[in-house]
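Have a look at the structure below, then the notes.
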Amino acid sequence: MADKYLTPPLTDEMVATLRAGDQVYLTGMIYAARDAAHKRLVELLEKGEPLPVDLRGQVIYYVGPSPAKPGKPIGSAGPTTSGRMDPYTPRLLAETGLKGMIGKGSRSPEVKEAIVRHKAVYLATVGGAAALVAGSIKKCEVVAYPELGPEAIQLMEVENFPAIVVNDCYGADLYEEGMARYAVKD
Amino acid sequence: MAKTITYEEVVRAVAGLCQEANFYLGEDVKKALEESLARETSPTGRDVLKQILANIDIAAREQMPLCQDTGVAVVFLEVGQEVHFTGGYLYDAVNEGVRKGYTEGYLRRSMVDHPFLRRNTGDNTPAVIHTSIVPGDGLKITLAPKGGGSENMSALAMLTPAAGEEGVKKFVLETVRKAGPNPCPPVVVGVGIGGDFEKCALLAKEALLRPLGRPSPREDVARLERELLVAINKLGIGPQGFGGNITALAVHIEIFPCHIASLPVAVNLNCHAARHKSITL
């Protein structure tokens, strides 16, 4: 387990350096999208139409921030449960070049397999530490689907955004390993 | 003589509670998290707990929501039977309070109008309102914002009497285990046992409102709470599911009489941001 510093777009080589349990700090631009936006993106892929954002090498943060107060770039902005994006994720990894996802909670076997196949990474940030996480988001702008409110796609400029590698491109899973290490058998 | 409470008083009280509950975590929860930090053996788990504690201070100082998911506004009304409401319908006042509190407090609006059409209502209404009539002439309002992540991992089972205490324990443990990292552990586990289908779900939610770690006044129930807490923390899920020995901060159980054929059990999970605030008018 080591500290890693990353700036998207991510390449296969960058992803290959990440191991489950590593602490990562992201600096640069990441996208924010959750349930409703994922549904729309995959609908576009199905129709063969272009997406409103180019996801090659990009990282999606599963977040629906609270509204920004005047003078602030964003409100509280912790991760939402990633599993709800599982039905859409393998397709995004296969067809858009998406490389990273940040959220919280476990992923389906299909997503974990797609992460390995397409050399991607799944990171978790601390759920419910939303005011703290917001401090590493410097700018935020809605780039698609403004009508979705907190579910719109946003482009965020982040600085040392903290996250932990859960699923790496070698098939490791921090949740499974962590639980096995600390479980007490009677 | 009946005490009069006005529509406007209810609106103001509810609006205030929305912001208070989302900005300021209860001292009981904060204390439980601090104690957990002392007991957690996983270094990653300790890091997580430190971030959670730092977040509590930032949220209070900046008046920012502890979590961006400011929840469904779950409102418990304990209405004294001597109270007389004037100026409009009580539930309209509650919803107007939620609208005002969430809008003015920059809290996230998370309600959609229809389970399938899913258009955001834009003001976090409607609230989910539970009303009970109690003796006296007061109105106690409790607002408990409930996030989707932990609510989604909650579960209910209609066990049969033969399943007994062991069956209940197994179901609670299995629910927490299956939830894993999703409900943002360390969690508070609210359990309802008995009643019927909807009564036991409500008991589980009400169990979450008890001051954290205060045991049930019934010794048999308090023992079950202690045993379940130990068993849950042996699962190894840990803070945020990264592994550790603090998976739950507390287990609270409420019981109620039930049918000769039934043993309903409901598990309502709450994330570490176990938010609720009350006011009495």
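Every read-out reported here was derived from the displayed coordinates using simple, explicitly stated rules and does not represent laboratory data. As the structure is a prediction and not an experimental result, all values here were calculated from the model. Because the Cβ atoms are built from the backbone with ideal geometry, glycine has one as well, and the counts that use them run over all protein chains shown.
Determine, yes or no, whether A:Val63 is facing chain B (nearest Cβ under 9 Å), surrounded by 19 or more Cβ atoms within 10 Å (Cβ to Cβ) and either among the aliphatic types (A, V, I, L, M) or farther than 16 Å from A:Pro150 by Cα (or both). Yes, satisfied. Give the stretch B:49-84 a look and list any residue that's more than 25 Å from B:Met111 (Cα to Cα), more than 7 Å from chain A (Cβ to nearest Cβ) and in contact (Cβ under 8 Å) with a residue 12 or more places away in the chain, or say none. Result: B:Leu49, B:Lys50, B:Leu53, B:Val79, B:Gly80, B:Gln81, B:Glu82, B:Val83, B:His84.
The criterion of at least 2 residues that are within 14 Å of chain A (Cβ to nearest Cβ) is met, among strands (runs of 3 or more DSSP E) falling completely within the stretch B:172-281, by B:187-195, B:248-258, B:263-270. Restricted to the stretch B:200-251, and to residues there that are under 17 Å from B:Asp28 (Cβ atoms) and among the charged types (D, E, K, R), the residue that is surrounded by the fewest Cβ atoms within 10 Å (Cβ to Cβ) is B:Arg214.
Checking the structure you have, find out if any residue of the stretch A:23-43 is free of Cβ contacts under 8 Å to residues at least 40 places away in the same chain and either touching a Gly at 6+ places or on another chain (Cβ under 9 Å) or part of a helix (DSSP H, G or I) (or both). Yes, because at least one residue in the stretch A:23-43 is free of Cβ contacts under 8 Å to residues at least 40 places away in the same chain and either touching a Gly at 6+ places or on another chain (Cβ under 9 Å) or part of a helix (DSSP H, G or I) (or both). Going residue by residue through the stretch A:120-137, is there one that turns out to be away from chain B (no Cβ under 12 Å) and in a loop (DSSP other than H, G, I, E, B)? Yes, there is a match, as at least one residue in the stretch A:120-137 is away from chain B (no Cβ under 12 Å) and in a loop (DSSP other than H, G, I, E, B). Filtering the stretch A:146-184 to residues that are more than 8 Å from chain B (Cβ to nearest Cβ) and farther than 21 Å from A:Tyr31 by Cα leaves A:Tyr170, A:Gly171, A:Ala172, A:Asp173, A:Glu176. No other residue among B:Asn22, B:Asn95 is crowded, with 18+ Cβ neighbours inside 10 Å, in contact (Cβ under 8 Å) with a residue 12 or more places away in the chain, within 14 Å of chain A (Cβ to nearest Cβ) and of a type outside the set (A, V, I, L, M) apart from B:Asn22. Note on the stretch B:178-209: residues that are in contact with an Asp or Glu (Cβ under 8 Å, 6 or more places away or on another chain) and closer than 16 Å to B:Ala248 by Cβ total 4. Checking A:Pro79, A:Pro52, A:Pro70 one by one, the residue that is surrounded by fewer than 16 Cβ atoms within 10 Å (Cβ to Cβ), within 11 Å of chain B (Cβ to nearest Cβ) and not hydroxyl-bearing (Ser, Thr, Tyr) is A:Pro70 and no other.
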